[in-house]
């Protein structure tokens, strides 16, 4: 059985389709139609490869396909690991007409996308996201990056994939914790621009956690549609696109503080969204009932609703190197209401202070 | 005394000026007009810094300026050296609104440009080329890159500078050998698209080698005008722009074979242009008199007119990983006449074979 929905990300000459459904890994044309290249390098990791690599290689048909299997984990999202992929491209003499397939979660997608963006100044690539997070977030929008030891995603490029293949079947092997982390980003789309989607999520959270495929496909579709709409409006992140960072400035600070990988990205974002929600409430924008609804939905998804033990001073330090800082001014995404987010550097400093005091040990 | 000519590279929203003249390093507005950034990082090397770094820092006015001084040489055009620049950006909390100034030759320009292209997915940068080669070549066109141990410029991005400041005074400290290497690229513009410029170069070669400033400024202007025209037509190197690679496919093979830095880029390109010229003559495109004129002009500039001792087999191997290869087919830039180049993968394989046999020891 196979049921596919195709969305289109509208970016002029860089437009591309997102295929969402089941049984997609074995649909060879989804891959070959977008790969005129003679040589294809599949970049994946040790966790994903045993499950899906052979099926993707089969679907590449008569292409000269190679693969590089990287260690799994956020700490390998580095220039050093990217160098292993560059080495493989050199070894197999990949030229400008070659292509890369990213098979894995957000780390693989971001890293392989960065390599594709920079190999000979840019080659084609396909995204095959195998985590819910990657399906709803990192596979849409063309952001690619690796981490610097001092900051997440500091080294990167904008580079759009030629096609995204989001197969719900790949979620069968996803650990529960990662499924929940992906739901944080799904909930985010409801919070920033679709109150009706929040109603749907409240009604379908049990089905999603039970990995009901139609429910998952619906959640991925609605999330991708939101992300694609925002990205199409603002490809290079000048304005609107920053709304997608709800919870991310606090969240990145949590991730950096705890060390990449200790908290999953979605977990850090969940706690960050609660903090942004609390701050919005403190500013008088969000009602207490709405804040509690936000907190309850994230709890129902099994996500953390508070940061780990960190001082307010530490939060401030880490937030100061965040990419959302412009000319030294911190910009935050806050909620005017559920389903209505705003990005601003004109927030009340006392509200940030109160938020850190509320959530942190020894806040300054 | 100061005499400035300004060219404009026309790339829509990415257009930028190239200022060519003398006394420019001390003209603060040339820098500050293009740097709304609060924080600026000047990237330079140990050879250039003692001569010009303080003057550039002075011209940055009230900006919070930092600098990173890298070791000098092509072998430092690597991801590892780029990491030192990223470290400095992290250390000084450079955000998206910050900017980079590349002060040096092609290695510094390419590397600092690559860091600017990838730092937080792209920040502003200025080019201050201090070698003739960088002034006429790498500072125009937005190509940025670092080398992979297996191939030159394999890792890179397209990223246009906001402004180029080409001060002829910086050529005072340039070693003779590097001045001559820069003239290889100047001669290249004549060979590929301006026979009249070849006449001018023949008449003015002595003045150029004597570092006559008006002659140098004229050579830089005419070269930049040619490059800017080609780049404006073809920003992402789909077609015409490949003409700029005359001599480069042979030349890169020479550079890789001898180890980066043993032959200067311009020296390798000079030998490569002679080989491409010989091959064009062998194909019946270039007359023997024109080939000899090409060889004589490069000799007059003090440049090599033959490759080092290499086998034809070695040339073939190294040319096979060149970026000009598309889907496994080698493309070469050849001359239909002096001032008229063509890029083609439809050359006679026997002509390539004959060229390698003519120039190589033990050619296969």
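The values are calculated or read from the model by the stated rules, or taken from the named source; none is laboratory data. What you see is a predicted model, and the numbers here were worked out from it, not measured in a lab. Cβ sites come from the backbone with ideal geometry, for glycine too, and all protein chains shown count toward neighbours.
Per-structure values
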{"quantity": "Out of B:270, B:253, B:238, B:262, sole residue that is over 20 Å from residue B:344 (Cβ atoms) and at pLDDT below 95", "calculated": "B:262"}
{"quantity": "Residue satisfying all of: in segment A:117-134; part of a strand (DSSP E or B) and either buried (at least 24 other Cβ atoms within 10 Å of the Cβ) or without any contact (Cβ under 8 Å) to a residue 40 or more places away in the chain (or both); nearest to the other protein chains (Cβ to nearest Cβ) among these", "calculated": "A:119"}
{"quantity": "Boolean, residue B:181 is in a helix (DSSP H, G or I) and under 25 Å from residue B:61 (Cβ atoms)", "calculated": "no"}
{"quantity": "Evaluation of residue A:364 against (1) buried (at least 16 other Cβ atoms within 10 Å of the Cβ); (2) modelled with pLDDT under 90 (one fails), failing number", "calculated": "(1)"}
{"quantity": "Top-ranked residue of segment B:16-45 - restricted to ones that are touching a strand residue (DSSP E or B) at 6+ places or on another chain (Cβ under 9 Å) and exposed (fewer than 13 other Cβ atoms within 10 Å of the Cβ), ranked as nearest to residue B:127 (Cα to Cα)", "calculated": "B:33"}
{"quantity": "Extreme residue, farthest from residue A:314 (Cα to Cα), among residues of segment A:274-303 that are touching a strand residue (DSSP E or B) at 6+ places or on another chain (Cβ under 9 Å) and in a helix (DSSP H, G or I)", "calculated": "A:290"}
{"quantity": "Tally of residues being within 14 Å of chain B (Cβ to nearest Cβ) and surrounded by fewer than 20 Cβ atoms within 10 Å (Cβ to Cβ) across segment A:66-80", "calculated": "2"}
{"quantity": "Residue, farthest from the other protein chains (Cβ to nearest Cβ), within segment A:306-338, restricted to residues that are assigned to a loop (DSSP other than H, G, I, E, B), buried (at least 18 other Cβ atoms within 10 Å of the Cβ) and at pLDDT 90 or above", "calculated": "A:338"}
{"quantity": "Residue A:153 being in contact with a helix residue (DSSP H, G or I) (Cβ under 8 Å, 6 or more places away or on another chain), within 12 Å of chain B (Cβ to nearest Cβ) and on the phi > 0 side of the Ramachandran plot", "calculated": "yes"}
{"quantity": "Residue A:31 being within 22 Å of residue A:119 (Cα to Cα), at pLDDT below 95 and in a helix (DSSP H, G or I)", "calculated": "yes"}
{"quantity": "Residue check for residue B:341: in contact with a strand residue (DSSP E or B) (Cβ under 7 Å, 6 or more places away or on another chain), surrounded by 17 or more Cβ atoms within 10 Å (Cβ to Cβ), outside any helix (DSSP H, G or I) and in contact (Cβ under 8 Å) with a residue 24 or more places away in the chain", "calculated": "yes"}
{"quantity": "The one condition in (1) more than 21 Å from residue B:154 (Cα to Cα); (2) away from chain B (no Cβ under 14 Å) that residue A:42 fails to fulfil", "calculated": "(1)"}
{"quantity": "Positions within segment B:156-178 being more than 11 Å from every other protein chain (Cβ to nearest Cβ) and outside any helix (DSSP H, G or I), in sequence order", "calculated": "B:160, B:161, B:162, B:163, B:164, B:165, B:166, B:167, B:174, B:175"}
{"quantity": "Residue that is surrounded by the most Cβ atoms within 10 Å (Cβ to Cβ) [pool: residues in segment B:196-236 that are in contact with a strand residue (DSSP E or B) (Cβ under 8 Å, 6 or more places away or on another chain) and outside any helix (DSSP H, G or I)]", "calculated": "B:235"}
{"quantity": "Criterion: facing chain A (nearest Cβ under 8 Å) and either without any contact (Cβ under 8 Å) to a residue 60 or more places away in the chain or part of a helix (DSSP H, G or I) (or both) - qualifying residue of B:87, B:137, B:110", "calculated": "B:87"}
{"quantity": "Test: residue in segment B:55-63 that is modelled with pLDDT under 95, more than 28 Å from residue B:268 (Cβ to Cβ), surrounded by fewer than 19 Cβ atoms within 10 Å (Cβ to Cβ) and within 14 Å of another protein chain (Cβ to nearest Cβ)", "calculated": "yes"}
